[in-house]
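To start, the structure itself, in C-alpha cells.
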C-alpha cells in the first residue's frame, strides 16, 4: 500500500502573459511535514491555492492518494490557511470555530465538540470565549490553524504562517506546527530556511516558478555539505589585500569576501588550514577569528536562489 498522499505533475498556471508556476512536479508522503521554500514571488502562494482548489491550474495534474485527478470532493479533506487570514472580529474564538466546522459539513453537536478539542489543541482554551478583536497576532494565527484542522483533514496547507508575527507569536506557531507533525500531513510555504529546518522532513525549493531543488533535509545536507573556513581580520590595507589574494590559492574553489573577513569553500580542509595558519603567522596579519566547519543549508539556499 502506497504511503503517498499527494502527487502533482507538470503543474502550470498562466495569468495573462505571466506564468507564476512553470510545470512543477513533486509528491507528499502521508504524515510528512514539507516546506515549500523560496523567495517572495517564487510562485509558492499560487501553487498552494491550486492545490487547495481555490484557483484552477492551466495545465498539469493534481492527484490525491491513489484516486483520480483533483476534484472538488477532495476539499473536505484539506485544511488551508492563507497568508493573511480574515476573521469576524465580533465573534469569539469558539463561535468562529463552530461556524467554520458547520461550513465544513459537521452537525451542530459535532461542530461544538470538535471545536472544543481543536481550540484546546492550539492552546486557546483560556481565550475561547473572548472576542477575536482582542487576540494577539500569534493567537489569531493559531486560531487560523485551528479552523484548518476543525474538520479533521488529512492535509493542511499553510501560506507563510509566521511571516507577520513578532518573536513570541512566531515561537507559539512553530511549536504548534512541531506538535502536529505526524498527526496530519503538513505543507507550508516560507522564505525563511530556519523555519523549514526546524520542523520539516522534506523541502521543495522554488525559484521563479520552477523547482530548483527538492528532497529530504538529510539528503540535501549531504549533497551540499562542503568544508568551509571562516576568517576575520583587523581592518587594514594589508589585511584586506591578503583577503583579496585568497581566491588564487589552489585549495580554494569558492570565496565570499566581506569587509573584514572571508568565507572560503575549500577542497582540502587539512591542507587549507595548515597553509593559512602558516601564512597568518609569517605575514603578521592581525587575526580576529579562524573557524573551520561545513557549509549549511542556508549557503545552499542562497547559492541556488542567486544562480
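The values are calculated or read from the model by the stated rules, or taken from the named source; none is laboratory data. Predicted, not measured: the structure shown is a model, and the values here were computed from it. No Cβ is skipped: glycine too gets one built from the backbone with ideal geometry, and neighbour counts run over all protein chains shown.
For residue 98, state whether it is in the same structural domain as residue 165 (by TED's automatic domain parsing) and assigned to a helix (DSSP H, G or I). When the stated conditions are applied, residue 98 passes them. On inspection, residue 218 fails the criterion of being exposed (fewer than 14 other Cβ atoms within 10 Å of the Cβ) and more than 26 Å from the chain's Cα centre (by Cα).
Going by what's in this entry, would residue 140 be described as farther than 30 Å from residue 99 by Cβ, over 17 Å from the mean Cα position of the chain (by Cα) and not in a strand (DSSP E or B)? Steps first, please.
On the way: farther than 30 Å from residue 99 by Cβ: no; over 17 Å from the mean Cα position of the chain (by Cα): yes; not in a strand (DSSP E or B): yes.
Spelling it out, it is not the case that residue 140 is farther than 30 Å from residue 99 by Cβ, over 17 Å from the mean Cα position of the chain (by Cα) and not in a strand (DSSP E or B).
Does region 201-212 contain any residue that is within 23 Å of residue 35 (Cα to Cα) and modelled with pLDDT under 90? Within region 201-212, one or more residues are within 23 Å of residue 35 (Cα to Cα) and modelled with pLDDT under 90. Taking the conditions (1) surrounded by fewer than 16 Cβ atoms within 10 Å (Cβ to Cβ); (2) at negative phi; (3) over 24 Å from the mean Cα position of the chain (by Cα); (4) at pLDDT below 90 in turn, residue 105 satisfies each one other than (2). Only one entry of 86, 129 meets the criterion of being surrounded by fewer than 15 Cβ atoms within 10 Å (Cβ to Cβ) and under 13 Å from residue 144 (Cβ atoms), and that entry is 86. Looking at 80, 84, just one residue is at pLDDT below 95, within 14 Å of residue 157 (Cα to Cα) and out of contact with any helix residue (DSSP H, G or I) (no Cβ under 9 Å at 6 or more places or on another chain), and that residue is 84.
How many of the residues in region 276-286 are in contact (Cβ under 8 Å) with a residue 12 or more places away in the chain and either closer than 24 Å to residue 302 by Cα or surrounded by 16 or more Cβ atoms within 10 Å (Cβ to Cβ) (or both)? Residues in region 276-286 being in contact (Cβ under 8 Å) with a residue 12 or more places away in the chain and either closer than 24 Å to residue 302 by Cα or surrounded by 16 or more Cβ atoms within 10 Å (Cβ to Cβ) (or both): 2 in total.
Here's the yes/no breakdown for (1) assigned to a helix (DSSP H, G or I); (2) in the same structural domain as residue 38 (by TED's automatic domain parsing); (3) surrounded by fewer than 16 Cβ atoms within 10 Å (Cβ to Cβ):
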{"residue": "243", "(1), (2), (3)": "yes, no, no"}
{"residue": "247", "(1), (2), (3)": "yes, no, yes"}
{"residue": "270", "(1), (2), (3)": "yes, no, yes"}
{"residue": "288", "(1), (2), (3)": "no, no, yes"}
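When region 143-174 is filtered for residues that are in contact with a helix residue (DSSP H, G or I) (Cβ under 9 Å, 6 or more places away or on another chain), at pLDDT below 90 and assigned to a helix (DSSP H, G or I), the ones remaining, listed by number, are 168, 169, 170, 171, 172, 173, 174. Would you mind stating whether residue 97 is within 24 Å of residue 50 (Cα to Cα), touching a helix residue (DSSP H, G or I) at 6+ places or on another chain (Cβ under 8 Å), surrounded by 14 or more Cβ atoms within 10 Å (Cβ to Cβ) and modelled with pLDDT of 90 or more? Spelling it out, it is not the case that residue 97 is within 24 Å of residue 50 (Cα to Cα), touching a helix residue (DSSP H, G or I) at 6+ places or on another chain (Cβ under 8 Å), surrounded by 14 or more Cβ atoms within 10 Å (Cβ to Cβ) and modelled with pLDDT of 90 or more.
Cβ-Cβ contacts under 7 Å between residues 6 or more apart (or on different chains), taken from a first residue in region 44-62 that is closer than 11 Å to residue 80 by Cα to a second residue that is assigned to a loop (DSSP other than H, G, I, E, B) and modelled with pLDDT under 90, are listed as 53/70. Checking residue 40 against (1) surrounded by fewer than 17 Cβ atoms within 10 Å (Cβ to Cβ); (2) over 26 Å from residue 18 (Cβ atoms), only one condition comes out false. Which one? Residue 40 satisfies every listed condition except (2). Residue count for region 161-187 under the criterion of being surrounded by 17 or more Cβ atoms within 10 Å (Cβ to Cβ) and within 26 Å of residue 102 (Cα to Cα): the result is 9.
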